[in-house]
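Inspection log for the structure reproduced underneath, given as structure tokens.
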Amino acid sequence: MDFIIQLAIILVCLFYGARKGGMALGLLGGVGLVILVFGFGIPPGKPPVDVMLVIIAVVAASATLQASGGLDVMLQIAERLLRKNPKYISIVAPFVTCILTILCGTGHVVYTILPIIYDAAIKNNIRPERPMAASSIGAQMGIIASPVSVAVVSLVAMLNGVSINGKSLEFLDLLAITIPSTLLGILAIGIFSWFRGKDLDKDPVFQEFISVPENHDYVYGETVTLLDKKLPKINWVAMWIFLASIVVVALLGAFSELRPLINGKPLSMVLVIQMFMLLAGALIIIICKTNPGQISKNEVFRSGMIAIVAVYGIAWMAETMFGAHMDEIKGTLGTLVKDFPWAYAVVLLLVSKFVNSQAAALAAVVPIALGIGVDPAYIIASAPACYGYYILPTYPSDLAAIQFDRSGTTRIGKFVINHSFILPGLIGVGVSCVFGWVFAALYGYL
């Protein structure tokens, strides 16, 4: 009975925190903790300190990149790709936003490119819903494939030292599964989006809307572009410093012999990521003369700090409650997951929707899964399932896509659940998970 009551408390904190948004999600974890510890006498669990430190380092480097103007260079290159292939924008756009996320570690880079995607689509008489919805989904799917995303570094930290079939999981082992499976999921989204909805010239609702001259001018508007913006060379330097740091981290992850030996073992990749992300940020400040005061004022830093608080509060609360009932959970969920391995992915997907964060979902679910004996191979194979917050159109990138689509084709349906993002999300994440299992099997984990 106590378990049910405590679970209800956690769910109330998650639902209310998600509804309030922002840092409320993590702070509500404190409410749950106080009730569990002081009300039920449960010993407090351990907060995910290693995960939080990695997040801080990655966010600091990414925010410094944005403050230096290096992110503008990436966006300008992305626009050139979109403008060069307008006919294929429904397929190209989600790949562009996904790759931007992979490089930068955050899906929030999509906000700047969404108006450009809309402009390229509408000026070529392509239904904007096709690339707009796909791009929003693609940007978020790229998180689990990014070597510098909060979700990936959190998962690496939680799986640090875990053995799979007698083999220790390394940083690049995870990315070798998540990157190709994610890109194949993006391809599936692009193919679906190519054919979705009516062409604009055959859509009576759209045609009726633009028949009013004011609406026509509003829909087609002025061209939005970054191509006419001349970026200083120092912005390019900042971008190359950041990308070089990612390459170094990847090489150190692939070749453990390149890392110094600490107590007879190669230095942990969790520490390597922290060190080189801090180094990247420092080099950008020193070489590119970036104003440190601007770093904490941009979107990347803000969203990253919110992620830290979310992971802190949610993971600590979940660890406290589930740690106290681990024997009961092992008996129930352990058998279920062993009989139906896909159940882990479903749980992860639903938790992601509750918390609106891939990193927070992983931080809440993975330790429990490891504790009840879930095969770590299932965890890495099902990693793309940590993105489930497209189920309801409440995430900022989805709302931004609706706002930027002045044609009205990207929308929320009458029944809310029938919105423009639900099918691309289900297709993309579903295909990625299937191929995640395929690649995990090919690499000998399953």
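Numbers below:
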| item | result |
| --- | --- |
| Quarter of Cα convex hull surface for the stretch 46-443, i.e. mean projection, nm² | 20.7 nm² |
| Over 32 Å (Cα to Cα) - which of 297/414; 230/414; 202/414; 297/353; 233/353 fall in this group | 297/414; 230/414; 233/353 |
| Rough spin-label spacing in nm, given labels placed 7 Å along Cα→Cβ, for residue 216 and residue 201 | 1.6 nm |
| Surface accessible to a 1.4 Å probe, per residue, for the residues of the stretch 46-443, Å² | 41 Å² |
| Rounded, prolate or oblate (a/c below 1.5 giving rounded, otherwise prolate when a/b exceeds b/c) for the stretch 9-61 by Cα gyration tensor | oblate |
| For the stretch 46-443, with +1 on Lys and Arg beta carbons and -1 on Asp and Glu, the positive-most of 172, 255, 227 along the dipole | 227 |
| Entries in 123/198; 87/198; 229/289; 87/123 that, when Cα-Cα distance is taken, lie over 18 Å | 229/289 |
| Value at 222 nm in deg cm²/dmol, rounded to 500, when DSSP H runs of n ≥ 4 in the chain each add -39,500 (n - 2.57) | -21500 deg cm²/dmol |
| GNM top mover of 284, 117, 42 - the chain, alpha-carbon springs below 10 Å | 42 |
| Pairwise label distance in nanometres, residue 49 with residue 286, each label 7 Å out on the Cα-Cβ vector | 2.8 nm |
| Nearest-20 debye value, the stretch 46-443 charge dipole, Cβ charges on Lys, Arg, Asp, Glu | 520 debye |
| Most positive-pole-ward Cα, 409, 360, 372, against dipole of the stretch 46-443 from beta carbon charges | 409 |
| Dipole of the chain, positive end: most advanced residue of 269, 103, 1 [Cβ charges, Cα centre] | 103 |
| Residue 257 versus residue 296: modelled label distance in nm, points set 7 Å from Cα along the beta carbon direction | 4.5 nm |
| Gain on full stretching of the segment that runs from residue 225 to residue 31 - 0.36 nm per residue minus C-alpha separation | 65.2 nm |
| Tilt relative to the chain, helix 171-195 - C-alpha long axis, 0 to 90 degrees, to 10 | 30 degrees |
| Å³ per residue enclosed by the Cα convex hull of the stretch 35-121 | 138 Å³ |
| Potential lengthening between residue 244 and residue 87 on full extension [0.36 nm per residue; Cα-Cα distance subtracted] | 53.2 nm |
| Cα-derived Rg to Rh of the stretch 231-368, Kirkwood definition | 1.09 |
| Within the accessible area of the chain (1.4 Å probe), percent carbon and sulfur | 68 percent |
| Anisotropy class of the stretch 121-259 from Cα gyration tensor, a/c 1.5 cut | oblate |
| Theoretical gain in end-to-end length, residue 267 to residue 418 [0.36 nm per residue, Cα-Cα removed] | 49.5 nm |
| Relative contact order [Cα under 8 Å, 6+ residues apart], the chain, whole percent | 27 percent |
| Gyration tensor verdict on the stretch 68-175 (Cα atoms; rounded if a/c is under 1.5, prolate if a/b is larger than b/c, oblate otherwise) | prolate |
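The values are calculated or read from the model by the stated rules, or taken from the named source; none is laboratory data. Note that the structure is predicted; figures quoted are calculated from it, not measured. Cβ sites come from the backbone with ideal geometry, for glycine too, and all protein chains shown count toward neighbours. Heads up: the accessible areas ignore ligands, DNA and RNA and are worked out on the full protein's heavy atoms, side chains in. Shrake-Rupley method; radii C 1.70, N 1.55, O 1.52, S 1.80 Å.
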